[in-house]
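No value in this document is a laboratory result; all are computed from the given coordinates. Model, not experiment: these values are computed from the prediction. Note that we place each Cβ from the backbone using ideal geometry, even for glycine, and neighbour counts take in every protein chain shown.
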Amino acid sequence: MNLARLALLVWCLLSSAYALLCHNPLSWPQMEAGFLPHWGNLFLRGHLAWFLLVAAAAAAFLPRGKRTGFAACGAVGALLLFLHPWAALQSDPRSLAAAFLAWLPLLLWEGLLLVSPEKPVSWEADLPPEEGARVLPALLASALVSCTVFSSVSLLRFGAPDGPAAAALALAWSLQVHAALAVLAFAVWNFVRSLLGWTAAAPRTEAAVCAAGLWLVLALVVERLVLHSMSIHGAPALLYGAVSAAAVAAAVAGWARSQAQRAASPIRSGLDFFTAPLRGLSGRSTAAAALALGLAAALLTAVCAALDWNYLFRTLLAMLTWAGFAGLFFAGATGRPVLRGPAARMRPGTAPTQELREAHGPAVWAAGLLAAAWFAIAVAVLAAPSLALRGQALPRVLDRHADFEPSFRAARQLFSSRRDNASLFAYLKRHTNLPRDTALRPEDMRLSDRPGPGGAHPPHLFLFVVDSLRPDYLGAYAPGAGFTPALDAFAAESVVFRRAFTAYGGTGLAEPSLWSGSLLPHMHFPSPFAPFDNLERLLKMDGYRRWISMGVILKALLEPLPGDRSLDAGAVGDYKFCRTLRELEARLPELGQEPVFVYTQPEDLHISIMNREGRVAYRNDPRFPGRYPPYAERVQAMDACFGRFLAKLKASGRYEDSVVILTADHGDSLGENGFWGHAFALRPEILRIPLIVRLPAALRAGLRWDAEAPSYLIDLVPTLYALLGHGGLRQDRLFGRPLFWKSGDPPPGPRPPQLVASSYGPVYGLLTDGGKRLFVADAVDHSTRCFDVDPPPLGRQIPCAARAEAADGLWLRTVVGELARRFGYER
Amino acid sequence: MLRPAFIRVGAAAALLAAAWWTGAALTRSRALVAPLAGQNLWQRVTEAQQRKDPRAALRHLRELLRHDPDDPVYLTAQAQAYTELGDWEAVARVGERLLETSPFPDLACAHVTQAYSMMELQREALAAFERCMRLDPDNPEGILHFAQSLEHWGRFDEAETLYARLARSPSMTGAAEGLARLRSRRREKARGKSR
């Protein structure tokens, strides 16, 4: 029966998760393009068949009287799945409804089993008063063992990047936080038990309360952790959290009930009921199970780090590990209280203070642990000025530890205050991921409408925006990277902007902002895009023909023009640099007097593509010293293709008529800080991009530039306007600015602070001091961080001065508010 | 019977609260190295602002500014509090400091121009307006305020030019009204002359 339960749970979970991913506009393009792992595609292709199989297996375990009803419901479900296959789900409200409905079979099945139990559970009459002596040690052991497991993985995988003293301090602090977490869990249990004791409730009632508690915790985890990670907020998130948690809690309770029905002795309490499946484990079996759990947690942490989305999987894994260890240790201690207090000698009618002391022996232990924690805090406060570890203050050491160690991170999140900077975070959330039906009434966002000078025909434009390319993997930016000879040679004859950044840490907004040459409202697929599509306007004004790889985003944004010729026509959402360049090489003879605009965004280096296509994770490859080999290997292959293409372009005689730009839409984290990808995070390595501009000699003559000044992806379009002779460019803090100016003109003044943002969540930042300092306000984690962006690529996290933090927060509000005003939307 | 139960529940609640506060203190490590932040002075300032008590806000702000004398957020809040008290001289002083020191001087414009206007210091107000127009030339509120002040000082032609810049914006009804007012005034004047 439990196998059928597990199969039904997995079917519901996968079906609902897929429907949610389809509903979410951020993940929908991936679903539409079929970017699922192999097993995911297998599940989806046989979705109806899996349902029939699982439902039939589940029905077999229902009592006869209930089987017909369940089968009838199953038939209706199968018919619905036949008429509306799961694989045909779209990004619309029906997908959200499907995500809810997917849990129905499990809820129905568990409900039917609950109302007609096969065999009653045998319960004790009273709650055991001495249970606290098992609960507190089990929770403490669970927290401390979890902390040890995850810290060990972190130390083995990443070493001690800030030195052994900082690592030791972080570990000691982490143990304190874990102990406090265990005491908090015990205190919750103790409080509930005291209320139940007051009402003389029975073990059966406590089991019901435990089930309700489990449901509440699961609902909060789903809503706060999972759905917020997918940028789903508000009533749908609350409701979905409640429904999915109810189904999972029902399955867990059903599993516990099935084991409790078979138990040899009566169930004595709620925790006894929920750990019934682990009953009867010997000490040796408990130790073996704990060892297996620890090893599995360690292995999974290492494996899912690169697949993770903003620490979601690792946080869930840490929580499951806490629960697993706690259950094991609690069940393993059956019949032998670890904390031998005087509770067993409690007599009715004793003096209240005496009774309090005796009945709450473990509570006194818990209070003692809290006192020890306060002692540690006091020592830290008093020693704060001298707690400088190689110039790193305690908060920074703890922040760094939380980057690497998921259990500490999860514990910290649980305790973290949501009041600090609450109004700033609420403000940022309101302006993030605007719904697609938000009405934009933008002011005039034209960069310039002055025509070009006419006369000589404009140069061909080649714009290569390599998804997720980091500058420190190119020799032009990092002399140690000797595996990109072609790109380095190209850089030698070009202008290399050394301090280049993207304004958006993700393609979703980076690509539209590149085309508009300005900051944009935080909205995916803004429509209509034409009023602020300044690149398209320029191409129309100067009569360019477009050869573009029309990815998912550009397809939604751009209007088709006569004379368009797609690149990568048959490969939507999976662009390979070498393949595109080969196609271009074949088309080079077509380049004539009529100017052509070439745009492609190869995805070879994107973290999801690398995960899907597989990576050979051999460390310390001598060809790529100090770099991530699977990524570096791809960069090397792309470099070779680029070199061949440039040779052919030169041979075609069109190189001197062409502006060639190589850049990236954003960078990436490659595990250096325990973080992979660019989901919700803003870090120097995600914001830094390469920006190499090669101009024909005739165009370059008489121009000036500052390669060391901060430059941004949104500067590209203003730069093209200026290069093509369109004057009168708008200049304010929302627009980029040209990177070149005429020799006689005064150089542009220093740049104001630049707003940067994650493309997917409410994480905003400010680059100040000439791109040397980064302030990040993370409204997902409710935290702020500051970085010294030098040295590249990772920069260095520094403490945020309270003053600077407040000022930067104000500036963020100002620019975000200005976006709302200029684009005419209300939040 | 009730009293021990009460004590038990009370003690359990106290333990729960203590556990929560201990965990929060352990994780909110900022308080360990930023003692000033631990005093929640800024929180008290915002609370004083909410209950419209500018004197209390100023008291806490003085303490904050003692540590960070040029903090633009604190200075902006101070200018706001002085505005609520009608102490225009102090508003102008703080606004000038913001214009000098803030990385975002345009945010001080409303304060400093309003203060000089209220004190009828036309020369200083005009200089402040011109400086602010250079800092943020497209700010509609700033342009409207400037135009209204120019109109108040009888510099109708300049005011009309500024009103005309804004008149097309549907949200700037004040500009359309000002423009209509000035044009009507000019028509009346022309009519008076023709008579």
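Brief remarks follow.
- Short-range pairs are left out: with C-alpha atoms under 8 Å and at least six residues apart, the relative contact order of chain A is 14 percent.
- Label point distance in nm, A:Thr205-A:Asp621, each placed 7 Å from Cα along Cα→Cβ: 6.5
- With an a/c value of 1.5 or above and a/b not larger than b/c for the gyration tensor axes a ≥ b ≥ c computed over the alpha-carbon atoms, region A:16-149 is described as oblate.
- Calculated FRET value between A:Ala288 and A:Ala71, using beta carbons and R₀ = 35 Å, to 0.05: 0.25
- Region A:703-827 shape via C-alpha gyration tensor axes, a/c threshold 1.5: oblate
- Rounded if a/c under 1.5, otherwise prolate or oblate - region A:460-749, Cα gyration tensor axes: rounded
- Percent of Cα pairs in region B:138-195 per distance bin of 10 Å, from zero to the largest separation: 27, 50, 18, 5, 0.
- Pairwise Lys count, chain A - Cα closer than 28 Å, eight or more residues apart or different chains: 13
- In summary, the convex hull built on the alpha carbon positions of chain A has an orientation-averaged projected area of 38.2 nm².
- Look at the alpha carbon pairs under 8 Å that are at least 6 residues apart: their mean separation over the length of region B:138-195 gives a relative contact order of 27 percent.
- Taking a point 7 Å out from the Cα of A:Glu118 in the direction of its Cβ, the residues of region A:273-297 whose backbone N falls within less than 16 Å of it are A:277.
- 222 nm mean residue ellipticity, helices alone, for chain B (DSSP H n ≥ 4; -39,500 (n - 2.57); rounded to 500): -25500 deg cm²/dmol
- Computed from point charges on the beta carbon alone (+1 for Lys and Arg, -1 for Asp and Glu), the dipole magnitude for chain B about its Cα centre is near 680 Debye.
- Entry note, chain A: the mean residue ellipticity at 222 nm calculated from DSSP H runs of n ≥ 4, each adding -39500 (n - 2.57), is -16500 deg cm²/dmol after division by the residues and rounding to the nearest 500.
- Each DSSP beta bridge with both residues in chain A is either parallel or antiparallel, and the antiparallel ones are about 60%.
- Cβ-based exposure ranking for A:Arg634, A:Arg450, in which fewest neighbours within 10 Å come first: A:Arg450, A:Arg634
- Region A:57-133 and region A:719-782: distance between their alpha carbon centers, rounded to Å: 54
- Label-point separation in nm, A:Ala640 to A:Arg565, each point 7 Å along Cα→Cβ: 2.8
- Cys residues of chain A counted as unpaired, since no other Cys beta-carbon is under 4.7 Å: A:Cys12, A:Cys22, A:Cys73, A:Cys147, A:Cys210, A:Cys304
- Legend: mean number of C-beta atoms from other chains within 10 angstrom of residue C-beta atoms, peptide A:191-197, equals 5.
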